[in-house]
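Q: Got a structure for you, written out below as structure tokens; questions coming shortly.
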Amino acid sequence: GKGNFRHFMEKELHENPAIIGDTLNRMIDPATRLPVLPDLAVDLAAIPRISLSACGSAYYAGLTARYWLEEIARIAVDADVASEFRYREPPLDPAGLGLVISQSGETADTMAALRYMKRQGCKVMSVVNVPESTMARESDLMLETIAGPEISVASTKAFTAQLAVLAGFTLALARARGARSDAEIAPLVAALMELPGKMAQLLADDTEIRALAEDIRDARDVLFFGRGSMMPIALEGALKLKELSYIHAEGYPAGEMKHGPIALIDPSVPVIAVLPSGPLFEKTASNLQEAAARGGRIILFSDKAGAARLAGIANRTIIITECDPFVAPILYAIPVQLLAYHVAVLKGTDVDQPRNLAKSVTVE
Ligand code: M6R
């Protein structure tokens with residue numbers, strides 16, 4: 001049941017701290033406090049590249065992982081939505097690893113991507129939430145997200161659990177490949193382990209997010225901007241707002257704004273930036289300044305330092321607890337999903353069963 005919550009989506013969002021803790025514990029060796037690489041018939045340390053494919057939010061988890069895997073594990077990654085990947089006929093290196101990500105483990109296009117990878121001679125790893133699923137059975141290796149059943153059509157806890165698994169995998173692979181020393185990995189593990197506490201703190205008080213939901217409930221269009229590993233969280237925020245509240249929303253890499261989307265900006269279009277302090281902060285801040293100069297209504301999701309830096313241009317700021325930039329996509333996923341949730345509640349849409357959508361898309 002829903003317990004004390006009005007909707008499954010809200011309940012599932014609140015399960016995040018426990019789930020992320022369980023999911024991470026499976027990947028970290030309690031003795032060494034370091035992530036361990038799962039056993040596979042191939043030497044994962046030797047794979048030359050990774051091709052990943054998924055749909056919807058699971059694809060955005062994969063896109064985030066691409067940033068981590070390339071930067072931290074120093075491995076080449078390509079990523080595409082499964083409905084395109086399966087017909088693109090990409091030539092795959094049989095020594096490479098295929099990676100599919102799916103909550104249900106039954107999504108038809110992702111399943112076809114998995115089978116294509118195998119036909120090309122690759123070993124395939126799946127990140128799935130249902131260990132009895134077809135994808136789990138057909139892949140060579142399964143990494144399980146320990147999210148429990150997800151009822152809400154909008155993916156929440158399964159998405160953050162996918163991110164947690166992929167973050168742990170990145171660190172394990174970085175060690176195995178010798179891309180990072182244990183001394184470099186340890187603080188990243190610590191940052192992951194702090195997530196459940198930070199998530200609980202964030203979920204304990206959503207007053208500011210509710211107020212923001214009031215602000216944007218009547219918007220016709222909303223833009224989400226992010227850069228680097230936060231860019232897929234901008235895409236996720238836009239997808240959730242679309243599917244739950246039926247407001248048109250687009251996510252963009254902030255640096256692309258001047259190549260088109262800036263033409264949309266006027267005071268009626270909220271511009272939401274997911275922008276924690278970190279390496280790309282200043283670059284993104286100047287993108288936002290350009291939007292503000294054109295009358296854009298800037299809404300900032302950032303930490304205290306980021307909020308102070310952009311106090312002059314932000315119309316509203318949602319303050320998120322400080323965290324290591326590595327784990328920021330996992331933490332910031334929650335407030336953007338909560339925002340979509342509260343807008344949907346205000347608009348009175350069917351939160352757990354949005355129109356036209358199915359939980360598991362088992363046909364092409
Ligand atoms: O079961 P899967 O993870 O393979 O499903 C993929 C997408 O259909 C799913 O993430 C969809 O985009 C959600 N409705 C997003 O909230």
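Q: With a sphere of radius 13 Å drawn around the Cβ of Val361, what net charge do the other residues whose Cβ falls strictly inside it have (Lys, Arg +1; Asp, Glu -1)?
A: -3
Q: A further question on this structure: Over the chain, what percent of the accessible surface lies on carbon and sulfur atoms, probe 1.4 Å?
A: 50 percent
Q: Looking at the chain only, what percent of DSSP beta bridges run antiparallel? Nearest 5 please.
A: Taking every DSSP beta bridge within the chain, about 5 percent pair in antiparallel fashion.
Q: Please find the FRET efficiency linking Ser360 to Arg26, where r is the Cβ-Cβ separation and R0 is fixed at 30 Å, and quote it to the nearest 0.05.
A: Working from the Cβ atoms, E equals 0.80.
Q: What lysines could a cross-link reach from Lys2, if we take a straight Cα to Cα line under 20 Å and drop same-chain neighbours fewer than 8 places away?
A: Counting by Cα, and skipping residues close in sequence, Lys2 has these lysines nearby: Lys11, Lys157, Lys359.
Q: Moving on to the next point. Need one value: the accessible area of Asp205 in square angstrom, 1.4 angstrom probe, rounded to the nearest 10.
A: Only protein atoms counted, so the area is about 100 Å².
Q: I've got another one for you. Which GluC sites (Glu not before Pro) does the range 91-139 hold that lie in a coil by DSSP with at most 13 other beta carbons within 10 Å?
A: Passing both the DSSP loop test and the Cβ count: Glu132.
Q: Calculate the dipole size of the range 173-216 relative to its Cα centre from +1 charges on Lys and Arg beta carbons and -1 charges on Asp and Glu beta carbons; express the result in debye to the nearest 20.
A: Around 480 debye, computed over the range 173-216.
Q: Continuing with this model, one more query. What angle, in degrees between 0 and 90 and rounded to the nearest 10, separates the Cα long axis of helix 56-71 from the longest principal axis of the Cα atoms of the chain?
A: 70 degrees
Q: Additional query: Under 16 Å from a point placed 7 Å out from the Cα of Asp324 along the Cα-to-Cβ direction: which residues of the range 191-230 have their backbone N that close?
A: Once the point is set 7 Å along Cα→Cβ of Asp324, 191-199, 229 turn out to lie under 16 Å by backbone N, inside the range 191-230.
Q: Additional query: Using +1 on the beta carbon of Lys and Arg, -1 on that of Asp and Glu, and nothing else charged, what's the dipole of the chain about the Cα centre, debye to 20?
A: 280 debye
Q: Related question: Counting helices only, and only those DSSP H runs with n ≥ 4, report the 222 nm mean residue ellipticity of the chain as the sum of -39,500 (n - 2.57) divided by its residues, in deg cm²/dmol to the nearest 500.
A: Helices in the chain give a 222 nm mean residue ellipticity of -14000 deg cm²/dmol.
Q: Also, quick follow-up: Find, among the chymotrypsin sites (Phe, Trp or Tyr not before Pro) in the range 1-99, those assigned to loop by DSSP (not H, G, I, E, B) with at most 15 other beta-carbon atoms within 10 angstrom.
A: Loop-located and lightly packed - Phe5.
Q: Could I ask something else about it? Near Leu331, within a Cβ-to-Cβ distance under 11 Å, what is the net charge of the other residues, with Lys and Arg +1 and Asp and Glu -1?
A: Around Leu331, the charge tally is -3.
Q: Of the options Ser360, Ala314, Val336, report the single residue whose Cα projects farthest towards the positive end of the charge dipole of the range 240-364 (beta-carbon charges: Lys, Arg +1; Asp, Glu -1).
A: Farthest towards the positive pole: Ala314.
Q: Is the shape of the range 131-203 best called rounded, prolate or oblate, per the rule: a/c under 1.5 gives rounded, else a/b larger than b/c gives prolate, else oblate, with a ≥ b ≥ c the square roots of the Cα gyration tensor eigenvalues?
A: oblate
Q: Just going by the charge dipole of the chain, with Lys and Arg at +1 and Asp and Glu at -1 on Cβ, which of Thr134, Ala108, Val269 is farthest out on the positive end?
A: It is Val269.
Q: With point charges of +1 on the Cβ of Lys and Arg and -1 on the Cβ of Asp and Glu, referenced to the Cα centre of the chain, which listed residue (Gly178, Pro325, Thr23) lies farthest in the positive direction of the dipole?
A: Comparing the listed Cα positions along the dipole, Pro325 ranks first.
Q: So how tilted is helix 281-293 from the main axis of the chain? Cα-based, degrees 0 to 90, rounded to 10.
A: 40 degrees
Q: Mind checking the angle between helix 16-25 and the chain's longest principal axis? C-alpha axes, 0 to 90 degrees, to the nearest 10.
A: Tilt relative to the chain: about 30 degrees.
Q: Shifting gears a bit: In a shell of Cβ-Cβ distance under 15 Å around Ile20, excluding Ile20 itself, what net charge do Lys and Arg (+1) and Asp and Glu (-1) give?
A: Taking every Cβ under 15 Å from that of Ile20, the sum is -4.
Q: Counting only heavy atoms of protein chains, what accessible area per residue, in Å², does the range 216-320 have with a probe of 1.4 Å?
A: For the range 216-320, the solvent-accessible area averages 38 Å² per residue.
Q: Still on this structure, I have one more. Under a cut-off of 20 Å between alpha-carbon atoms, report the aspartates and glutamates in cross-link reach of Lys304, not counting same-chain residues fewer than 8 places apart.
A: Glu194, Asp205, Asp206, Glu208, Glu282, Glu322, Asp324
The values are calculated or read from the model by the stated rules, or taken from the named source; none is laboratory data. Values in this document were obtained by computation on a predicted structure and should not be read as measured data. When we count neighbours, we look across all protein chains shown, and the Cβ atoms used for this are built from the backbone with ideal geometry, even at glycine. Accessible surface areas use protein heavy atoms only, side chains included; no ligands, DNA or RNA. Shrake-Rupley method; radii C 1.70, N 1.55, O 1.52, S 1.80 Å.
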